[in-house]
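Here's the structure we're looking at; comments come further down.
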Amino acid sequence: MRVIGLAGWSGAGKTTLLAKLIPALVARGVEVSTVKHAHHAFDIDRPGKDSHTHRAAGAREVLVASGRRFALMREYAPGEEEPPLGALLARLAPVDLVVVEGFKAWGHPKIEVFRAANGKPHLYGQAPAVRAIASDVALADAPVPVVPLDDVEAIADIALREAVDRDALCVALAEVPPPARLKPARG
């Protein structure tokens, strides 16, 4: 089980790219899972559903299961910190490749997703372990390989080449404190 990240500022096109990258990887016979970071309050549940009622009543975790899938929702206790990336990766069932969307400040290898019109700076130089950049513009001075944002096959090649072993990554991530959240530099 190997791990690679896609990271970039909001609006760069990470999810759009990932929606194209997953089928390209699957076409190569790669079984893929994803981990997605959300900075905002989010909820996959809806009022009126039994699972929502369980949570509203105070259940700490609710697992909803059917013949096709299951979803586990966990409410953090007051003061409980968000789990570190390694702990989240450790919860996943084995697959060939896990693509982490977001978590840009963490030390896993990642491909930066850069869109010039977004008006935000590059992550390389700020975020650790940027191995390549998928960009909508040429970047002559980049310290890592740059591929066109729409060249999904080249991005798949980089993802497979730069991915690292999940278990070794989890050990390495456990040895460092959680990083501070990155914010675009003002200038």
### Query
So what are the three principal axis dimensions of the range 1-149 from its Cα atoms, in whole Å, longest to shortest?
56, 37, 26
### Task
Report, for the chain, the % of DSSP beta bridges that are antiparallel, rounded to 5.
25
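Under the classification rounded if a/c is under 1.5, otherwise prolate if a/b is larger than b/c and oblate if not, where does the range 59-99 fall, given a ≥ b ≥ c as square roots of the Cα gyration tensor eigenvalues? Each step should come with its number before you reach the end.
Details: a/c = 4.05, a/b = 1.15, b/c = 3.53.
Cα axes put the range 59-99 in the oblate bin.
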### Task
Could you sort out which of Lys49/Lys120; Lys49/Lys183; Lys20/Lys104; Lys36/Lys120 sit more than 32 Å apart by Cα distance in this structure?
Lys49/Lys120; Lys49/Lys183
### Query
Whose amide H sits under 5 Å from the amide H of Arg2, counting only residues 5 or more places off or on another chain, with H placed in the peptide plane?
Leu97, Val98, Arg166
### Message
If you average the alpha carbon positions of the range 21-99 and of the range 159-176, how far apart do those two centres end up, in angstrom?
### Response
20
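Tally Lys and Arg at +1 and Asp and Glu at -1 over the other residues with C-beta under 12 Å from the C-beta of Arg181: what net charge comes out?
Values: positive: Lys104, Lys183; negative: Glu82.
Result for the local shell: +1.
Please go through the range 15-50 and write out the trypsin sites (Lys or Arg not before Pro) that DSSP classes as loop and that have at most 15 other C-beta atoms within 10 Å.
On the way: sites: Lys20, Arg28, Lys36, Lys49; in loops: Arg28, Lys49.
Here the trypsin sites (Lys or Arg not before Pro) that fit, given the DSSP loop and packing criteria, are Arg28, Lys49.
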### Query
Hey, got a sec? Which GluC sites (Glu not before Pro) in the range 40-121 land in a DSSP loop and have at most 13 other Cβ atoms within 10 Å?
Glu75, Glu80, Glu81
### Query
Using modelled amide H (1.01 Å from N, peptide plane; none on Pro or chain starts), what sits under 5 Å from the amide H of Thr34, excluding residues fewer than 5 places away?
Val99
### Query
Given q = 0.15, 0.27 Å⁻¹, what are the Debye log10 I(q)/I(0) values for the range 1-79, with equal point scatterers placed on the Cα positions and solvent ignored?
-0.80, -1.26
## Note on the structure
A correct Karplus calculation of ³J(HN,Hα) over the range 142-148, with 6.51 cos²θ - 1.76 cosθ + 1.60, θ = phi - 60°, whole Hz and x for Gly and Pro, returns 5, x, 9, x, 10, 10, x
### Sites excluded, chymotrypsin sites (Phe, Trp or Tyr not before Pro) in DSSP loops with at most 10 other C-beta within 10 Å, longest stretch of the chain
77-187
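Do the sum for the chain: with -39,500 (n - 2.57) for every DSSP H run of n ≥ 4, divided by all residues, what is the mean residue ellipticity at 222 nm, to the nearest 500 deg cm²/dmol? Each step should come with its number before you reach the end.
Numbers: 5 runs with 47 residues, N = 187.
Calculated at 222 nm, the ellipticity per residue is -7000 deg cm²/dmol.
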## Note on the structure
Each label sits 7 Å from Cα toward the beta-carbon; between Glu80 and His39 the label points are separated, in nm, by 2.4
### Query
What list of ³J(HN,Hα) couplings, whole Hz, do you get for the range 151-156 from phi and the Karplus terms 6.51, -1.76, 1.60, once you set θ to phi - 60° and write x for glycine and proline?
8, 4, 5, 5, 5, 4
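Using Cα-Cα distances under 8 Å and only pairs 6 or more residues apart, what relative contact order does the range 8-112 have, in percent?
36
Are there any trypsin sites (Lys or Arg not before Pro) in the range 68-150 that are in a DSSP loop and have at most 15 other Cβ atoms within 10 Å? List them by number. Present the calculation step by step, with values, prior to reporting the outcome.
Working: sites: Arg68, Arg69, Arg74, Arg91, Lys104, Lys110, Arg115, Arg131; in loops: Arg68, Arg69, Arg91, Lys104, Arg115.
Of the trypsin sites (Lys or Arg not before Pro), the ones in loops of the range 68-150 whose Cβ has at most 15 other Cβ atoms within 10 Å are Arg68, Arg69, Arg91.
Dividing the convex hull volume of the alpha carbon atoms of the range 109-164 by its residue count, what do you get in Å³ per residue?
Numbers: hull volume 4.1 nm³, N = 56.
Residue-normalised Cα hull volume stands at 72 Å³.
Here, each number is a calculation from the coordinates, and none is a lab measurement. Nothing here was measured: the structure is a model prediction, and the numbers come from that model. Every residue, glycine as well, gets a Cβ built from its backbone with ideal geometry; the counts of neighbours run over all protein chains shown.
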